[in-house]
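Participant: Can you read through this structure? Questions will come right after.
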């Protein structure tokens, strides 16, 4: 299966062929633009369009035994397509784009707060990133630094490196507890800034093409979660007065 979102996060619709129907109703395609839940980012929702115009509503997207297997989960009561049937896949673009903006914001936060990441969750309105840190930091200061990066409109791109290159540059991995999936021979990097001048880290998620697309964001709260763990909550819009 070709995961088209890895190369083009803005691809919101594509034609594809049904290659399998699981016992639980999950649908497998030969290629897809639907992102599967991974790395703290929720899977895409949307619908599949049949040749007669009927729709199969997709309530979620997950991975199978490996990240290479992407399973589209129909909402209850949907028709089951035929093997080999050609469908047009449509993701819920408004939802995806908010997730792309928010996921990018999480990367920017990891630049402003260069500490090991112990957890993260990307959502449409409120996301969180947990850092292994004991320092006290002001949320207004963090917000100001985030918005500097957003307004500078740095380009965002992806590149692939070998697993050997990743081993030779362990500092690229910011997560303290989760390592990039291995066994494929290559690892995908998300790079911010010309020649990765702002950031570069392994990530399989979807992101916007320029930091300005993130829009206005702020740190809504910084929570103490243990002696050396701080939880930052990122929200869209200006900080409350």
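Participant: I need to check one value: relative contact order of the chain, counting alpha carbon pairs closer than 8 Å and at least 6 residues apart, in percent. Walk me through the numbers on the way to the answer.
Facilitator: Working: 517 pairs, mean separation 45.2, N = 241.
Rounded, it is 19 percent for the chain.
Participant: Only helical DSSP H runs with n ≥ 4 go in: add -39500 (n - 2.57) per run for the chain, normalise by residue count and round the 222 nm mean residue ellipticity to 500 deg cm²/dmol.
Facilitator: Details: 3 runs with 39 residues, N = 241.
That comes out to -5000 deg cm²/dmol.
Participant: Continuing with the same structure: Restricting to bridges with both residues inside the chain, how much of the DSSP beta-bridge set is antiparallel, in percent to the nearest 5?
Facilitator: Details: 52 of 55 bridges.
Counting DSSP beta bridges with both partners in the chain, the antiparallel share is about 95 percent.
Participant: Something else: Relative to the longest principal Cα axis of the chain, at what angle does helix 93-112 sit, 0 to 90 degrees, rounded to 10?
Facilitator: Relative to the chain, helix 93-112 is tipped by roughly 30 degrees.
Participant: Separate question: If the chain between residue 239 and residue 51 were fully stretched, how many nm would it gain, using 0.36 nm times the residue separation less the Cα-Cα distance? List each step's numbers first, then the result.
Facilitator: Numbers: separation 188, 0.36 × 188 = 67.68 nm, distance 4.70 nm.
Result for the pair: 63.0 nm of gain on full extension.
Participant: Fewest to most neighbouring Cβ within 10 Å: what's the order for 221, 227? Don't skip to the answer; put the middle values down first.
Facilitator: Details: 221 12, 227 6.
Going from sparsest to densest Cβ surroundings: 227, 221.
Participant: Determine how many Å³ per residue the convex hull of the Cα atoms of the range 97-236 encloses.
Facilitator: Values: hull volume 14.2 nm³, N = 140.
Output value, Cα hull per residue: 102 Å³.
Participant: Please give the peptides 95-103, 49-57 ranked by average Cβ packing (other Cβ atoms within 10 Å per residue), highest first, as a rough proxy for protection.
Facilitator: On the way: 95-103: 21.3, 49-57: 12.3.
The most tightly packed comes first, giving 95-103, 49-57.
Participant: While we're looking at this one, here's another question. Would you kindly calculate the translational diffusion coefficient of the range 2-91, applying Stokes-Einstein with the Kirkwood radius from alpha carbon pairs, for 4 °C and a viscosity of 1.567 mPa s, and quote it in µm² s⁻¹ without decimals? Don't skip to the end; give the middle numbers.
Facilitator: On the way: Rh = 12.8 Å.
Taking Rh from Cα pairs, D becomes 101 µm²/s.
Participant: Relative contact order of the range 2-91, please, whole-number percent, based on alpha carbon pairs below 8 angstrom and at least 6 residues apart. Working shown, then result.
Facilitator: Values: 201 pairs, mean separation 31.1, N = 90.
Averaging sequence separation for qualifying contacts and normalising by length gives 35 percent for the range 2-91.
Participant: For helix 139-151, report the angle its Cα long axis makes with the longest principal axis of the Cα atoms of the chain; keep it between 0 and 90° and round to the nearest 10°.
Facilitator: 60 degrees
Participant: Note the direction-averaged projected area, equal to a quarter of the hull surface, for the Cα convex hull of the range 151-215, in nm².
Facilitator: Details: hull surface 19.0 nm².
So the mean shadow area of the Cα hull is 4.8 nm².
Participant: Sticking with this structure for a sec: Can you tell which of 209, 119, 185 shows the greatest fluctuation in a Gaussian network model of the chain with Cα springs below 10 Å?
Facilitator: It is 185.
Participant: Return the whole-Å distance between the Cα centroid of the range 69-95 and the Cα centroid of the range 17-53.
Facilitator: Measuring centre to centre over Cα atoms gives 4 Å.
Participant: Taking 0.36 nm per residue of separation and subtracting the Cα-Cα distance, what length does fully extending residue 136 through residue 22 add?
Facilitator: Values: separation 114, 0.36 × 114 = 41.04 nm, distance 4.95 nm.
Gain in length upon complete extension: 36.1 nm.
Participant: Moving on. Arranged by the count of other C-beta atoms within 10 angstrom, fewest first, what order do 35, 115 take?
Facilitator: Numbers: 35 26, 115 19.
Result, fewest neighbours first: 115, 35.
Participant: Full extension from residue 173 to residue 148: what is 0.36 nm times the residue separation minus their Cα-Cα distance, to one decimal in nm? Can you show the working numbers first?
Facilitator: Details: separation 25, 0.36 × 25 = 9.00 nm, distance 2.38 nm.
Length difference between fully extended and current span is 6.6 nm.
Participant: Taking the convex hull of the Cα atoms, report for the chain its projected area averaged over all directions, in nm². Could you put the intermediate results ahead of the total?
Facilitator: On the way: hull surface 57.1 nm².
Averaged projected hull area, Cα only: 14.3 nm².
Participant: Also, I was wondering about something else. What residue among 211, 45, 19 shows peak mean-square fluctuation when the chain is described by a Gaussian network model with Cα springs under 10 Å?
Facilitator: Top of the fluctuation ranking is 19.
Every number in this text was worked out from the coordinates using simple rules, so none of it is lab data. Not measured: the values here are computed from a predicted model. All Cβ positions, glycine included, derive from the backbone under ideal geometry; neighbour counts span all protein chains shown.
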